[in-house]
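See structure below.
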């Protein structure tokens with residue numbers, strides 16, 4: 001049986017690994033359309049509605065998670081919410097990147113450079129997923 005295109009979100013990083021906060025793996029589609037179809041029971045109208053919501057919500061949550069003037073817990077909560085939204089939509093790379101940002105912010109143990117790198121990876125994953133959404137909505 002082939003592996004699922006959406007991998008599980010990794011467990012929290014141990015203290016030694018947190019400073020690295022690696023970028024999520026590549027090679028998977030930004031949005032798993034088979035997963036989305038299963039989640040919506042094939043309802044095309046519902047899929048379009050969810051795609052529009054994900055597009056809007058992922059951008060605003062990314063902005064909050066990236067906002068250096070916001071308190072860390074609020075930023076971590078935004079990353080957590082983005083992770084959940086991405087998992088529901090089949091955006092595995094977004095979910096994994098958001099999980100890394102969430103962990104780095106919530107535990108406060110990641111270096112500023114590692115956190116900046118994780119946020120950049122999250123921004124790239126969100127941009128890729130939103131690009132697919134835009135093509136599907138055209």
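Can you give me the ranges of the helices (runs of 4 or more DSSP H) entirely in the stretch 18-127 with at least 2 residues that are in contact (Cβ under 8 Å) with a residue 60 or more places away in the chain and buried (at least 19 other Cβ atoms within 10 Å of the Cβ)?
Of the helices (runs of 4 or more DSSP H) lying wholly inside the stretch 18-127, those with at least 2 residues that are in contact (Cβ under 8 Å) with a residue 60 or more places away in the chain and buried (at least 19 other Cβ atoms within 10 Å of the Cβ) span 44-66, 72-89, 92-107.
Being out of contact with any helix residue (DSSP H, G or I) (no Cβ under 8 Å at 6 or more places or on another chain) and assigned to a helix (DSSP H, G or I) is the filter; apply it to the stretch 128-138 and report the residue that is nearest to residue 28 (Cα to Cα).
This residue is 132.
Suppose the filter is under 13 Å from the mean Cα position of the chain (by Cα) and at pLDDT below 95; does residue 65 pass it?
Against the criterion (under 13 Å from the mean Cα position of the chain (by Cα) and at pLDDT below 95), residue 65 does not qualify.
The values are calculated or read from the model by the stated rules, or taken from the named source; none is laboratory data. Only a predicted model underlies this, so the values are computations on that prediction, with no experimental measurement involved. Positions of Cβ are generated from backbone atoms using ideal geometry, with glycine treated the same way; all protein chains shown enter the neighbour counts.
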